[in-house]
Every structure is written in C-alpha cells, then in structure tokens.
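See below for the structure under consideration.
The values are calculated or read from the model by the stated rules, or taken from the named source; none is laboratory data. What you see is a predicted model, and the numbers here were worked out from it, not measured in a lab. We place every Cβ from the backbone using ideal geometry, glycine too, and count neighbours over all the protein chains shown.
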Amino acid sequence: MERKEELQEISKKLDPEMKKLIDPLIEKMIFLEEKLNYLMSLPFLIVKEGDATKQRVTPAYKQYKDLMQTYINALKVVYSALGVEEGNEKESPLRQYLAQRLNRKKEDA
C-alpha cells in the first residue's frame with residue numbers, strides 16, 4: 001500500500017468536515033517525508049581533515065532539523081484530529097507501585 005493510501009485510510013475515521021481540513025495536511029506530510037528521506041542520504045557533519053575535533057554541521061542537517069520539527073507538528077495536528085492523546089500509555093508498574101505506597105502512607109498518617 002502506498003503511503004498516501006495508508007494515511008487516507010487512517011483519515012477515513014474522521015467526520016467529513018474534519019477530513020476536509022486534514023487531507024491537505026496529509027499531502028504536506030507525504031511531501032515532508034520524501035524530503036526528509038532525501039536529506040537523510042546526505043552528510044550532516046563535515047569533519048576537518050587532520051583534526052577530527054573540528055566539525056561543523058551541513059546545510060542538509062539544518063534543513064533536516066527544521067523539516068523534522070514541521071513534520072512533528074503536523075503529526076500532532078493529525079493525532080489531535082484522530083483523538084489520539086500524547087502520553088496515553090499505561091502507567092508503568094513502578095509508578096503504580098509508588099502511587100500505592102504513597103496512598104498507604106497517607107492512610108496510615
């Protein structure tokens with residue numbers, strides 16, 4: 001399945017009005033993915049010959065960083081439209097244990 005079809009399949013869950021807003025964003029996301037993949041094929045660092053401690057980033061790295069931030073922001077918008085919340089993973093067992101211990105201490109006090 002092509003990437004565009006994958007993303008459009010996901011967006012089918014949206015109501016028609018929201019889909020009208022998200023579909024152009026999907027096109028932009030695909031464009032960004034293509035550019036990011038191309039930029040990943042380019043070097044991000046230039047190392048000075050004879051002195052490996054002297055390095056500088058390339059314009060490709062700077063463009064990659066900017067486009068990646070734009071892509072992440074677009075993903076957040078799509079996640080929000082789909083109703084996916086950040087950090088909705090289950091609480092870790094360690095956090096659950098610590099919460100229980102704190103509750104017991106409060107009850108004992």
Against the condition modelled with pLDDT of 95 or more and exposed (fewer than 11 other Cβ atoms within 10 Å of the Cβ), how does P24 come out, does it pass? no
Residue within segment 43-50 that is of a type outside the set (G, A, S), over 17 Å from the mean Cα position of the chain (by Cα) and under 16 Å from V77 (Cβ atoms) present: no
Among residues belonging to segment 51-107 that are modelled with pLDDT of 90 or more and among the polar types (S, T, N, Q), point out the one that is farthest from M40 (Cα to Cα). T53
Checking the structure you have, find out if any residue of segment 60-73 is surrounded by 12 or more Cβ atoms within 10 Å (Cβ to Cβ) and either under 19 Å from E5 (Cα atoms) or touching a His at 6+ places or on another chain (Cβ under 8 Å) (or both). yes
